[in-house]
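Visitor: Here it is: the structure, laid out below.
The values are calculated or read from the model by the stated rules, or taken from the named source; none is laboratory data. Please read these numbers as outputs of a predicted model, since none were measured by experiment. Methodologically, a virtual Cβ is constructed for each residue, glycine included, from the backbone with ideal geometry; neighbour enumeration extends over all protein chains shown.
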Amino acid sequence: MVNLNEIQKKIQLIIQEQDNLFKLPKIIAVSKTHTMENILPLINYGHLDFGENKVQEASEKWTEVKDSNKNIKLHLIGKLQTNKVKIALKIFDYIHSLDSEKLANKISNEQVNQNKKIKIFIQINIGNEDQKSGITKKNAPEFYQYCKKLNLDVIGTMCIPPREGNAQNYFTEMYKINKELNLLELSMGMSEDYIEAAINHSTFIRIGSKIFGKRN
């Protein structure tokens, strides 16, 4: 809790210094690989947003906890395989990694089957890196329109910037893309660059090690 409070205070100070910042970002506590024993103190403290990378791990770890605490919001921040969509829609409230038409179609069909609508971020490959998933910057508008035709609830975009280079430049570019698409939510920033993300209007910041310590 101490780590979470320190992060929140830092973000609040940055926002107070920046007149153009209008929204305090939500912090997603990235709980992947951590046991529920380590996570429960944060839940008992009242934190509601948690992030997981793997669908099966999340389902096994969170199903019972979410059944007893309906206010908890679970975010899938890792790559989603099409064969895991059915399970993902049952346990997650947000998907931050929509990265293809094939996946968009699968989610759309499964939403009809489960009569459930999930909040979605389009993942943008902001650094045009071959090893990373995501829609190219150029194709983002066309892909967003494709998702709208499928009746997907796309609320924003997400990125993981290249390790090399200035993260702030990539975050600034992401904010422009989001604004051009007229989307309200922006998922960017992790333990090492959350300050830069907050300055560039991120509304969801994904923090793991600075809250829970190093992963197991």
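Visitor: Can you confirm whether the stretch 98-120 contains a residue that is of a type in the set (D, E, K, R), buried (at least 19 other Cβ atoms within 10 Å of the Cβ) and either in contact with a strand residue (DSSP E or B) (Cβ under 6 Å, 6 or more places away or on another chain) or farther than 25 Å from residue 30 by Cβ (or both)? Give the derivation first.
Guide: Of the residues in the stretch 98-120, the ones of a type in the set (D, E, K, R) are 99, 101-102, 106, 110, 116-117, 119.
Add one more test, that the residue is buried (at least 19 other Cβ atoms within 10 Å of the Cβ), and what stays is 99, 106.
Next, only the ones that are either in contact with a strand residue (DSSP E or B) (Cβ under 6 Å, 6 or more places away or on another chain) or farther than 25 Å from residue 30 by Cβ (or both) stay: 99.
Yes.
Visitor: For the subset of the stretch 28-81 comprising residues that are among the β-branched types (Val, Ile, Thr) and farther than 24 Å from residue 11 by Cα, which member is surrounded by the most Cβ atoms within 10 Å (Cβ to Cβ)?
Guide: Filtering the stretch 28-81 for residues among the β-branched types (Val, Ile, Thr) gives 28, 30, 33, 35, 39, 43, 55, 63, 65, 72, 77.
From what's left, farther than 24 Å from residue 11 by Cα: 33, 35, 55, 63, 65.
Numbers: 33: 16, 35: 10, 55: 23, 63: 13, 65: 15.
In this case the residue turns out to be 55.
Visitor: What's the total number of residues in the stretch 190-201 that are within 17 Å of residue 162 (Cα to Cα) and assigned to a loop (DSSP other than H, G, I, E, B)?
Guide: Residues of the stretch 190-201 that are within 17 Å of residue 162 (Cα to Cα), as a first pass: 190-197, 200.
Narrowing further to those that are assigned to a loop (DSSP other than H, G, I, E, B): 190-193, 200.
So the answer is 5.
Visitor: Let me ask something else. Looking at residue 205 and the list (1) touching a residue at least 12 places away in the same chain (Cβ under 8 Å); (2) more than 14 Å from residue 14 (Cβ to Cβ), which single condition is not satisfied?
Guide: Going through the list (1) touching a residue at least 12 places away in the same chain (Cβ under 8 Å); (2) more than 14 Å from residue 14 (Cβ to Cβ), residue 205 breaks only (2).
Visitor: In addition: Sort out which residues of the stretch 151-189 are under 13 Å from the mean Cα position of the chain (by Cα) and either in a strand (DSSP E or B) or touching a residue at least 60 places away in the same chain (Cβ under 8 Å) (or both), and write them in order of number. Give the steps one after another, and end with the answer.
Guide: Narrowing the stretch 151-189 to residues under 13 Å from the mean Cα position of the chain (by Cα): 154-160, 185-189.
Listed by number, the residues that qualify are 154, 155, 156, 157, 158, 185, 186, 187, 189.
Visitor: Has the stretch 27-37 got at least one residue that is at pLDDT below 90 and touching a His at 6+ places or on another chain (Cβ under 9 Å)?
Guide: No: zero hits.
Visitor: For the stretch 202-216, enumerate the residues that are in contact with a Leu (Cβ under 8 Å, 6 or more places away or on another chain), assigned to a loop (DSSP other than H, G, I, E, B) and not small (Gly, Ala, Ser).
Guide: 203
Visitor: Please go through the stretch 172-193 and pick out each residue that is within 11 Å of residue 155 (Cβ to Cβ), of a type outside the set (S, T, N, Q) and in contact with a Phe, Trp or Tyr (Cβ under 7 Å, 6 or more places away or on another chain).
Guide: Just the residues of the stretch 172-193 that are within 11 Å of residue 155 (Cβ to Cβ), to begin with: 178, 181, 183-187.
Restricting the remaining residues to those that are of a type outside the set (S, T, N, Q) gives 181, 183-186.
Matches in the stretch 172-193: 181, 185, 186.
Visitor: Being at pLDDT below 95, touching a Ser or Thr at 6+ places or on another chain (Cβ under 7 Å) and buried (at least 19 other Cβ atoms within 10 Å of the Cβ) is the filter here; which residues of the stretch 172-201 pass it?
Guide: If the condition is that a residue be at pLDDT below 95, touching a Ser or Thr at 6+ places or on another chain (Cβ under 7 Å) and buried (at least 19 other Cβ atoms within 10 Å of the Cβ), then 189, 200 are the ones that fit.
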